[in-house]
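The values are calculated or read from the model by the stated rules, or taken from the named source; none is laboratory data. Note that the structure is predicted; figures quoted are calculated from it, not measured. Here the Cβ positions follow ideal geometry from the backbone for every residue, glycine too, while neighbour counts run over all protein chains shown.
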Amino acid sequence: MDDLQPAPAISAPAPAPPVRAGRWRNDLIFFLIAAGIVALDQFTKWLVRSNLAIGETWPDRGTDFIRIIHVTNSGAAFGILQGQTPFLIVTSLLGLAAIVLYYIYPPMDHGLIRVALGMQLGGAAGNLIDRVRMGEVTDFIDVGTFPTFNVADSSITVSIAAVLIFFLYQETDRPK
């Protein structure tokens, strides 16, 4: 009986880390992409506003397919809703909330969706900043006969196309 030793104490398992703690890297990527788009959008708009008068183009020859032109837009895409800045600010805020909620619930685990939603968030925020600060958005990229746009617009457009292609691919990849 002397060589009996007490049984080792059984320790309780460590608590599992919260689900959100495992997502911090993904969330960081999402918000860094959005912040990068906002920074690039605001920087390019500042460059245009600082160096070109409204209506001025660069290069100033009119035959180039792509050029930089300083224009403003108090409406939405393709010039609709001109002069409806308060309405567009409210809808932009709702759009920003919808993007963040769509990212969080259900959590978007696929990298392409995370990047695309970050691009949408950054683009929407970039144009919202212009609307709040100046009452209109600065556009400057002029390609052929397409309406003039900016970095935020192109970010939103490319990201929506990427999401659509992703989901179309997902649908065709599923077993029947």
Selection within segment 27-72 - loosely packed, with under 14 Cβ neighbours inside 10 Å, of a type in the set (Phe, Trp, Tyr) and within 20 Å of residue 144 (Cα to Cα): 65
Residue check, residue 61 of a type in the set (Lys, Arg), more than 21 Å from residue 159 (Cα to Cα) and modelled with pLDDT of 90 or more: no
All positions within segment 115-137 that are out of contact with any Asp or Glu (no Cβ under 7 Å at 6 or more places or on another chain) and of a type in the set (A, V, I, L, M): 115, 116, 117, 119, 121, 124, 125, 128, 129, 132, 134
Test result for residue 107, touching a helix residue (DSSP H, G or I) at 6+ places or on another chain (Cβ under 8 Å), modelled with pLDDT under 95 and of a type outside the set (A, V, I, L, M): yes
